[in-house]
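Each remark here refers to the structure printed beneath this line.
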Amino acid sequence: MSYRALTQQEIAQLQAQHCTCDNWDNIQVVPQFLAENIKHVHFSGNIKLGLMQKKYILEGGIPRQCGIYHSSVHNCTIGNDVYISRIHRYIANYNIGDNCYIENTECIVTDGESTFGNNTKVSLLNETGGRAIAICNQLSSQLAYIMALYRHREETINNINNIITAYTESIRSSQGHIGNNVTITSCGTIKNVYIGDNAQVCSANQLENGSINSNAFDPVYVGNGVMAKNFILSSGAHVTEATLIENCFIGQGTQLGKHFSIYDSVYFCNCQGFHGEACAIFGGPYTVTHHKSSLLIAGMFSFLNAGSGSNQSNHMYKLGPIHQGVVERGSKTTSDSYVLWPAKIGPFSLVMGRHHHHSDTSNMPFSYLIENEDNTYVVPGINLRSVGTIRDAQKWPKRDKRKDPNKLDQINFNLLSPYTIQKMYAGIQTLETLKELSGEDSQTYRYQNTVIKHSSLFNGIKYYQMAINKFLGNSIIKRLEIVPFKSVEEIRQRLKPDTEIGLGAWVDISGMIAPQSEIERLLNDIDNNILTTLDAINERFKDIHANYYNYEWTWALQKIEERLGKPYTQFTVAEIIDLAETWKKSVVDLDNLLYEDAKKEFTLVTKTGFGADGDEKIKQLDFINVRGKFESNPFVQEVQEHIQKKSALCQELVDRISHL
């Protein structure tokens, strides 16, 4: 944009409008500049001004003419059609974009050189700093996971820190940024804060040393009473209602409000935090807490739903807050649940009651952990038959609030994956070993500081085997769908993996499920200076995520080969049909268990409290009018349709290949 000096006539007009300046020669303006809309302003430092002729219409039809009014402006570049009014102290050292509305704010200043929250050290999990990570604008949940947990790879961590430091130095500036179409109203002090396009900052109390990475695709909203220091807010974040933030990264689409307090933590995409408190936590995608009395501390979570009064302790009154816990993806904590760290809880588990014995149930996925006489009782695999588990899996993709085309976090929503299925294989092996060691007639079995009842052990083996059958069958049916085969050789050719990647162990890297070999390859490339920028690292994560189903088939096929005791090049049509039939039975059996679980929501007990001031008939009518009938419940209908659909899918494959 081209600028010119003020004319003497314009200077005289500004002075007549009660404007002052330390040196009028330091002000430059666009060629079409209009002086009439600048009144009661003191200028100092180097100033560049755009054209201000637009008129804003506020709620209630109130007009506001663009311009600068009743403010002190120092060393700023101000774009076109900007409205600035009543900056009570001053606005200093900022580049302000076009179409911004800034009103009734105490102070907006960049003081010295700033990195706007980037490279802030956040002490996750271990409050003493043993796992501190450096946050930055391009931080993904996957990279943060590596930084926090892969401390055994010192060279990798050092290289990542150097990459973040280099990025941070590239954005270091003594001039702050307020992007285009930004609204800032009725705020306190905003100091050393980068504010991206289309952000709305309304009635925030204090913002210091941070980045608000808003953009036109997914604006950020910062609302009333918010206080934030040393922070990064990613695109689509919504923070309001007196939320307190310090030393934190807040991910894309995350919502914080209702006096939530979060300190020394990272909260990645689509998290929610209301009422409660989080300290030193790694909040992976979809970590949710809604209750005043809930505290998340020194733990790693993802896809978590924390109940009212959920709490953890991260020290045992010895060497301080050094202990950590891991609650793997998809777990829930009930009201007033408590876990004494260190502990590790397997994926898709339910934690009920108080647990003090440092259990490790990581190889018992889909379990209940229940307090009973100060013991932790584990019910393996029971969550596979829970309606709530399936409902969660269905709702997570629908609740992805990210509109930014550049999605930082890579998310796999699958309940059944090589990651969870490998744990079920390990779980079956463990349960079988316990049965052998303690005997089939034992009433209870001891495992990792927990107790497993006789019936729970046998049911756990059954549920895990059903889920394994479902996963492997689904994999082979998906692989063979649509294609018309003319011979067994064509089927075998179709079964051939597209890649050798996928064999071996799989990991959940904070929302992204991947072969461990690919994560190791990525880390080695960081060590060898092949991946030298944050963009390059994030692109590699995206590539691994995009190839998930190719890698999954490689893994699943090996498990099928192990089951049949032969390579896929020797599979027969009869064996494939048998796998499909086994898959159908497991799907139908699990769906029937879900059907029965859903039916519990329509029992006599659940009708308690319905039918005020009436008899049993009124209770029934009230319940039906509020909750509906069991048969017409959308989830129940969906389960029935799922049984029919999967049965038909199995039959279609059988009909297509049985003649070969």
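The values are calculated or read from the model by the stated rules, or taken from the named source; none is laboratory data. Here the structure is a predicted model, which is why all the values come from computation and not from measurement. Cβ coordinates were reconstructed from backbone atoms using ideal geometry, including for glycine residues, and neighbour counts include every protein chain displayed.
Restricting segment 314-357 to residues that are buried (at least 24 other Cβ atoms within 10 Å of the Cβ) and among the polar types (S, T, N, Q), the residue that is modelled with the lowest pLDDT is GLN324. For the residues TYR69, TYR56, the requirement of being within 24 Å of SER214 (Cα to Cα) and touching a residue at least 24 places away in the same chain (Cβ under 8 Å) singles out TYR56.
If only residues of segment 279-306 that are assigned to a strand (DSSP E or B), under 15 Å from the mean Cα position of the chain (by Cα) and of a type in the set (A, V, I, L, M, F, W, C) are counted, the one that is nearest to ALA393 (Cα to Cα) is VAL288.
Could you list all residues from segment 414-447 that are of a type in the set (Phe, Trp, Tyr) and without any contact (Cβ under 8 Å) to a residue 24 or more places away in the chain? Residue satisfying the conditions is TYR445 alone.
Could you go through segment 124-144 and let me know if any residue there is in contact (Cβ under 8 Å) with a residue 60 or more places away in the chain, at positive phi and surrounded by 18 or more Cβ atoms within 10 Å (Cβ to Cβ). Yes, segment 124-144 contains at least one residue that is in contact (Cβ under 8 Å) with a residue 60 or more places away in the chain, at positive phi and surrounded by 18 or more Cβ atoms within 10 Å (Cβ to Cβ).
Condition test on GLN28, is it free of Cβ contacts under 8 Å to residues at least 12 places away in the same chain and not in a loop (DSSP other than H, G, I, E, B)? Considered against the rule, which asks whether it is free of Cβ contacts under 8 Å to residues at least 12 places away in the same chain and not in a loop (DSSP other than H, G, I, E, B), GLN28 comes out as no. Is it the case that some residue within segment 392-403 is aliphatic (A, V, I, L, M) and surrounded by 15 or more Cβ atoms within 10 Å (Cβ to Cβ)? So far as segment 392-403 goes, yes, one or more of its residues are aliphatic (A, V, I, L, M) and surrounded by 15 or more Cβ atoms within 10 Å (Cβ to Cβ).
Listed here are the strands (runs of 3 or more DSSP E) enclosed by segment 163-238 that have at least 1 residues being hydroxyl-bearing (Ser, Thr, Tyr) and under 26 Å from ASN80 (Cα atoms): 183-185, 189-195, 206-212. Checked against the criterion of being in a helix (DSSP H, G or I), over 30 Å from CYS271 (Cα atoms), without any contact (Cβ under 8 Å) to a residue 60 or more places away in the chain and assigned by TED's automatic domain parsing to the domain that holds ILE560, the candidates GLU500, GLU489 yield just one match: GLU489.
Taking the criterion of being more than 30 Å from the chain's Cα centre (by Cα), assigned to a helix (DSSP H, G or I) and of a type in the set (Phe, Trp, Tyr), the only residue of segment 417-472 that qualifies is PHE458. Out of GLU520, GLU500, GLU489, GLU539, one residue alone is within 16 Å of ALA556 (Cβ to Cβ) and acidic (Asp, Glu). It is GLU500. Within the bounds of segment 396-413, is there any residue that is of a type in the set (D, E, K, R) and without any contact (Cβ under 8 Å) to a residue 60 or more places away in the chain? Looking through segment 396-413, at least one residue is of a type in the set (D, E, K, R) and without any contact (Cβ under 8 Å) to a residue 60 or more places away in the chain.
Residues in segment 508-548 that are out of contact with any Ser or Thr (no Cβ under 9 Å at 6 or more places or on another chain) and either on the phi > 0 side of the Ramachandran plot or of a type in the set (Phe, Trp, Tyr) (or both): ASN529 only. Just to be sure before I move on: is GLY253 of a type outside the set (Ser, Thr, Tyr) and closer than 20 Å to ILE411 by Cβ in the structure I sent? Against the criterion (of a type outside the set (Ser, Thr, Tyr) and closer than 20 Å to ILE411 by Cβ), GLY253 qualifies.
Scanning segment 470-501 for residues that are crowded, with 17+ Cβ neighbours inside 10 Å and farther than 23 Å from ASN547 by Cα yields a count of 1. Summed over segment 4-45, the residues that are under 23 Å from HIS88 (Cβ atoms) and of a type outside the set (Lys, Arg) give a count of 17.
Might you let me know whether segment 389-406 holds any residue that is under 30 Å from ASN137 (Cα atoms), outside the structural domain of LYS559 (by TED's automatic domain parsing) and hydrophobic (A, V, I, L, M, F, W, C)? Yes: one or more hits.
This table checks each residue for (1) assigned by TED's automatic domain parsing to the domain that holds ASN538; (2) among the small types (Gly, Ala, Ser); (3) farther than 23 Å from THR120 by Cα.
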{"site": "TYR167", "(1), (2), (3)": "no, no, no"}
{"site": "ASN180", "(1), (2), (3)": "no, no, yes"}
{"site": "CYS187", "(1), (2), (3)": "no, no, yes"}
{"site": "TYR194", "(1), (2), (3)": "no, no, no"}
{"site": "SER203", "(1), (2), (3)": "no, yes, yes"}
{"site": "VAL226", "(1), (2), (3)": "no, no, no"}
{"site": "ASN230", "(1), (2), (3)": "no, no, no"}
{"site": "ALA237", "(1), (2), (3)": "no, yes, no"}
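Taking the residues in segment 250-278 that are more than 22 Å from ARG402 (Cα to Cα) and without any contact (Cβ under 8 Å) to a residue 60 or more places away in the chain as candidates, determine which candidate is nearest to the chain's Cα centre (by Cα). Only one residue fits best here, namely ALA278. The residue that is modelled with the lowest pLDDT, counting only those in segment 537-593 that are hydroxyl-bearing (Ser, Thr, Tyr) and either outside the structural domain of SER417 (by TED's automatic domain parsing) or over 32 Å from the mean Cα position of the chain (by Cα) (or both), is SER586.
Yes/no per residue for (1) modelled with pLDDT of 95 or more; (2) among the charged types (D, E, K, R); (3) assigned to a loop (DSSP other than H, G, I, E, B):
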position	(1), (2), (3)
ILE102	yes, no, no
GLU106	yes, yes, no
ASP111	yes, yes, yes
PHE116	yes, no, yes
ASN119	yes, no, yes
LEU125	no, no, yes
THR128	no, no, yes
ARG131	no, yes, yes
ASN137	yes, no, yes
